[in-house]
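The values are calculated or read from the model by the stated rules, or taken from the named source; none is laboratory data. All of these numbers come straight from a predicted model, not from anything done at the bench. Please note: Cβ atoms are built from the backbone with ideal geometry, for glycine as well, and neighbour counts cover all protein chains shown.
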Amino acid sequence: MNLNQKAKALNLGCCPCCQKVNEMTERKQRCSRCHHQFSQRKPYSLQYTFAWTLAAIVMFIPANIYPMMVFYTLGRPEKSTILEGIASFIQQGHYPIAFIIFLASFIIPLGKIIGLLILLYNTKSYSRISKKKQTQMYHLIASLGPWSMLDVFVVAVMAAVVNFGFFTSIEAGAGITYFTLMVIFTIFAAESFDPRLLWDIERRNTNDR
Amino acid sequence: MNHLNDINTLIACKHCDTVANSPTLTAGESALCPCCGYTLFSRKVDPVNRTLAVSLAGLLLLIPTVTLPIIGVGVAGKYNDATLIDCIMLMINADFYIIAFSVFLFTIAIPSVRIFSAFYLSYRIKTKQLSTSLLTFYRSYHLFDSWTMIHVFFLGVIVSMYKLISLDELIVGSGLVSMLLLLFCSTLISITLDQKLIWDLLEHELEPKS
């Protein structure tokens, strides 16, 4: 069996669930081992990824405008958005925590959205970045997904524990719902992307020449 | 039909679609894709017994993690602590249903399903009772791969402790300790569980009947 041949060229398909190689008789079929329904490539992968990414971008805006957390001291509310929360950490001198929060709730979601858009573009046009690098980039995007939920969990824990009625209490703000939706949408976007599409284009280009 | 006989010895990379002959590995080795370098599969050392032990521990740890207080704070003589359930109930009371639902899903429901399916699978393999229902269990294990967030929740608790350090009193609850151990167990499961072995076993056992 010739190495470095693609499964699609041999009319084989790899089950995304159990990784068994199946011979493709239909466009969509059930895996002979785990009975999972699959096709050679994730169907409408690019469309789904693009749609989820767009939805995430839309959610990113209200997530940053509306407050994440409302801090009540003696009945007086003090609202803070994601960036205001980070700024207050820097003022208090908690630099490592400010960095972690900034990374998890601002850089990672934004980086994921931009990275997915770059990968989407690269499946359509040949890019000079090596395919291996792009696959690694996809891996990074997929594995960073859950970490963006950090801020949501922080607010949930703080709201539950700092609950002294009139004296001091913390409540979640409207922004947190948008933020959670954004994180979930980016995870869906990363899940629906098929990295094998990145390798398909290389083959097409070498065949053309 | 040489081609059809061959198909069981082939393996395709999930990430670049390269087909390769499946190598025979000894315990502890991994097969890498010749094209993109991603791990195709790996053979684990003593997978069934180790997974059984670790997932049983994980299942037992789930109970204290959910019911015991994670952290407690005291302000001006008043004391308040919160469990994981309290976090969710408070979010429901404040009408943040999406948050409550996702916290429940990502920190309680999905980790429990994964740990339970790892336990159930290794128990049934150990006692040699294989049936088609195991396929469903194992598929559910794979489905939720990127949706467990105990590790993120743990870091979230650490960050909120940093935020609350200016208060009079801050107590680390026993729930946090068992959450750390649970995190340890669920990470160990993904290390000890031999995915290819289980699929091969299931295929081998279930094939003649169907």
Quick one: which residue in B:140, B:146 is under 16 Å from residue B:183 (Cα atoms), hydroxyl-bearing (Ser, Thr, Tyr), within 13 Å of the chain's Cα centre (by Cα) and assigned by TED's automatic domain parsing to the domain that holds residue B:86?
B:146
Long-range neighbours under 7 Å by Cβ, at least six apart or interchain, first residue assigned to a helix (DSSP H, G or I) within region A:84-103, second of a type in the set (Asp, Glu):
A:101/A:151
Could you tell me which numbered condition residue B:146 fails, if it satisfies all but one of (1) within 21 Å of residue A:148 (Cβ to Cβ); (2) in contact with a Lys or Arg (Cβ under 7 Å, 6 or more places away or on another chain)?
(2)
Considering only residues of region B:126-148 that are part of a helix (DSSP H, G or I) and among the aromatic types (Phe, Trp, Tyr), which is surrounded by the fewest Cβ atoms within 10 Å (Cβ to Cβ)?
B:137
Being more than 10 Å from chain A (Cβ to nearest Cβ), touching a Leu at 6+ places or on another chain (Cβ under 9 Å) and assigned to a strand (DSSP E or B) narrows B:31, B:20, B:57 down to just B:31
Of everything in region B:36-54, what is modelled with pLDDT under 90 and either part of a loop (DSSP other than H, G, I, E, B) or among the hydrophobic types (A, V, I, L, M, F, W, C) (or both)? Give them in sequence order.
B:36, B:37, B:38, B:40, B:41, B:43, B:44, B:45, B:46, B:48
Test each condition in (1) in contact with a Cys (Cβ under 6 Å, 6 or more places away or on another chain); (2) in the same structural domain as residue B:193 (by TED's automatic domain parsing); (3) part of a loop (DSSP other than H, G, I, E, B); (4) not basic (Lys, Arg) for residue B:95 and report the one that comes out false.
(1)
Restricted to region A:15-54, and to residues that are free of Cβ contacts under 8 Å to residues at least 24 places away in the same chain and assigned to a strand (DSSP E or B), which residue is surrounded by the most Cβ atoms within 10 Å (Cβ to Cβ)?
A:21
Looking for whichever is among the basic types (Lys, Arg), without any contact (Cβ under 8 Å) to a residue 60 or more places away in the chain and surrounded by fewer than 17 Cβ atoms within 10 Å (Cβ to Cβ) here; the options are B:78, B:163. Which one fits?
B:78
With respect to the numbered conditions (1) in a helix (DSSP H, G or I); (2) buried (at least 20 other Cβ atoms within 10 Å of the Cβ), which one is the sole condition not fulfilled by residue A:114?
(2)
Answer with yes or no whether residue A:81 is buried (at least 17 other Cβ atoms within 10 Å of the Cβ), closer than 15 Å to residue A:170 by Cβ and either in contact with a helix residue (DSSP H, G or I) (Cβ under 7 Å, 6 or more places away or on another chain) or not aliphatic (A, V, I, L, M) (or both).
yes
Do we find that residue A:131 is away from chain B (no Cβ under 14 Å), basic (Lys, Arg) and touching a residue at least 24 places away in the same chain (Cβ under 8 Å) in this structure?
no
Looking only at residues that are within 12 Å of chain A (Cβ to nearest Cβ) and surrounded by fewer than 21 Cβ atoms within 10 Å (Cβ to Cβ) in region B:100-110, which one is nearest to residue A:15 (Cα to Cα)?
B:110
If residue B:116 satisfies all but one of (1) at pLDDT 80 or above; (2) more than 11 Å from the chain's Cα centre (by Cα), what's the number of the condition it fails?
(2)
Checked A:118, A:108, A:184 against criteria (of a type outside the set (Lys, Arg) and under 24 Å from residue B:87 (Cα atoms)); the one match is A:184
Out of B:108, B:63, B:98, B:70, I need the residue that is within 23 Å of residue B:188 (Cα to Cα) and in contact with a Ser or Thr (Cβ under 8 Å, 6 or more places away or on another chain). Which one?
B:70
Condition first: touching a His at 6+ places or on another chain (Cβ under 7 Å), within 13 Å of another protein chain (Cβ to nearest Cβ), crowded, with 16+ Cβ neighbours inside 10 Å and not in a strand (DSSP E or B). Can you find one or more residues in region B:111-118 that meet it?
no
